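Following: one structure in structure tokens, then a few remarks.
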Protein chains: 2
Amino acid sequence: MYKVKVYITLRESVLDPQGTVVKGSLHSLDFNEVQDVRIGKYMELTIDKTDRDIDAAVKEMCERLLANIVIEDYRYEIEECVAL
Amino acid sequence: MYKVKVYITLRESVLDPQGTVVKGSLHSLDFNEVQDVRIGKYMELTIDKTDRDIDAAVKEMCERLLANIVIEDYRYEIEECVAL
């Protein structure tokens, strides 16, 4: 069994209005030292072992469904774990 | 300057309907080996150095604004970096 952590972030060149709002809220809570906030998604997938190559499978999941690769970047970490 | 990565996930006991939908979509794309999907948020904050303790400040930001601690868990990593 694999535990896969996927991080999806907006590309640097894409505006992040949600992040801008959160930054404003942090400033109004008196955290004026916050210079920038970028908001992305984080997913944890639990995947069974198959004959398929796990790395290629996760890459395909990201490209076909999880990330919008026009405006988002993705990266992932794969951990193999023993089912209890 | 600090770069802070914040990971916000739903608590284990909380249902994740969005994750269930993504799992269904992955199955319909023929990724039947996916057992579970949990979706959370990922934030990158850029924070200036101040007299305030950075760890305590980030913890307070999470508890007061970024995470809903009733249903969500959070963890964060703080990296110190040199402004270029």
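Computed values, structure above
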{"quantity": "Extreme residue, farthest from the other protein chains (Cβ to nearest Cβ), among residues of region B:34-62 that are farther than 30 Å from A:CYS62 by Cα and acidic (Asp, Glu)", "calculated": "B:ASP55"}
{"quantity": "Residues being basic (Lys, Arg), in contact with a strand residue (DSSP E or B) (Cβ under 9 Å, 6 or more places away or on another chain), over 30 Å from B:ARG52 (Cβ atoms) and not in a helix (DSSP H, G or I) - total across region A:29-74", "calculated": "1"}
{"quantity": "Matching residues, region A:29-74, being surrounded by fewer than 15 Cβ atoms within 10 Å (Cβ to Cβ), of a type outside the set (Asp, Glu) and in contact (Cβ under 8 Å) with a residue 24 or more places away in the chain", "calculated": "A:LYS49, A:ILE71"}
{"quantity": "Answer residue from region A:1-33, given it is among the small types (Gly, Ala, Ser) and at the interface with another protein chain (Cβ under 8 Å from one of its Cβ atoms) and is farthest from B:GLY24 (Cα to Cα) among those", "calculated": "A:SER25"}
{"quantity": "Unmet requirement for B:GLU80, which otherwise passes all of (1) within 12 Å of chain A (Cβ to nearest Cβ); (2) modelled with pLDDT under 95", "calculated": "(1)"}
{"quantity": "Those residues of region A:15-28 which are surrounded by 13 or more Cβ atoms within 10 Å (Cβ to Cβ) and assigned to a loop (DSSP other than H, G, I, E, B), in sequence order", "calculated": "A:ASP16"}
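The values are calculated or read from the model by the stated rules, or taken from the named source; none is laboratory data. Not measured: the values here are computed from a predicted model. Reconstructed Cβ throughout: ideal geometry from the backbone, glycine too, with neighbour counts over all protein chains shown.
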